[in-house]
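The values are calculated or read from the model by the stated rules, or taken from the named source; none is laboratory data. Model, not experiment: these values are computed from the prediction. Glycine gets a Cβ as well: all are built from the backbone with ideal geometry, and neighbour counts include every protein chain shown.
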Amino acid sequence: MFRLSKITDYGIVILAHLAKGDSCATHNAREVAADVDLPFPVVGKILKSLARRGMLQSHRGSKGGYALLRHPAEITVADMVSALEGPVALTECNVGPQLCQHENTCAIRDPWHVINRVVEVALSKITLADLIDPAFSSTATPLSILGRDPERGIAATKLTGAEPSAAELTDSN
């Protein structure tokens, strides 16, 4: 089973919380912890990690806290997962070369790269803005999401239901 870690799950919940309302507003860790009903030490650790990885800006002082560095429509699920867990990689060979001892003789290495790329593409087509949009889950379908135009942005693209070609899914651009 493919599953995100609890820290990644909690991190995305925290990012969604920060994105609601005024996404530029500063939130302190204690308030965020109370609002999302997670332990303060866990929230503090996640917020610091997200700030170190360039997802949040940290403000010191009595009015300090954390704020998103980019607009929610510019932050993809792939960005969030990568910041919290590292690169999207379903198998060792997708992490990087020479991490698997069977890499040179593996008969399914290339298909796994295609599958990994499909997952990356899907995660890159859904934004933080989508996650906090109540209409998103009732209007989007898996194939319509994959057919979105990343150059125009998710919110601007009409969900057509068009299925992307295999070449589009494997294109690394």
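Computed values, structure above
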| quantity | calculated |
| --- | --- |
| Filtered residue count, the stretch 129-140, keeping only those that are exposed (fewer than 14 other Cβ atoms within 10 Å of the Cβ) and touching a residue at least 40 places away in the same chain (Cβ under 8 Å) | 0 |
| Any hit, the stretch 26-33, residues being closer than 17 Å to L131 by Cα and at pLDDT 95 or above | no |
| Evaluation of I126 against (1) surrounded by 18 or more Cβ atoms within 10 Å (Cβ to Cβ); (2) on the phi > 0 side of the Ramachandran plot; (3) not aromatic (F, W, Y) (one fails), failing number | (2) |
| Every residue from the stretch 1-49 that is assigned to a loop (DSSP other than H, G, I, E, B) and touching a residue at least 24 places away in the same chain (Cβ under 8 Å) | F2, L4, S5, K20, S23, C24, A25, T26, N28, L38 |
| Residues located in the stretch 52-63, provided they are surrounded by 13 or more Cβ atoms within 10 Å (Cβ to Cβ) and either not in a strand (DSSP E or B) or not assigned by TED's automatic domain parsing to the domain that holds I12 (or both) | R53, M55 |
| For E74: the one exception among (1) at pLDDT 85 or above; (2) crowded, with 17+ Cβ neighbours inside 10 Å; (3) among the charged types (D, E, K, R) | (2) |
| Looking only at the stretch 80-99, and only at residues there that are in contact with a Ser or Thr (Cβ under 8 Å, 6 or more places away or on another chain) and buried (at least 17 other Cβ atoms within 10 Å of the Cβ), the one that is farthest from L56 (Cα to Cα) | V88 |
| Within the stretch 8-30, tally of residues that are surrounded by 14 or more Cβ atoms within 10 Å (Cβ to Cβ) and either hydrophobic (A, V, I, L, M, F, W, C) or touching a strand residue (DSSP E or B) at 6+ places or on another chain (Cβ under 9 Å) (or both) | 13 |
| Qualifying position, being at pLDDT 90 or above and over 11 Å from the mean Cα position of the chain (by Cα), among I126, I132, I115, I154 | I132 |
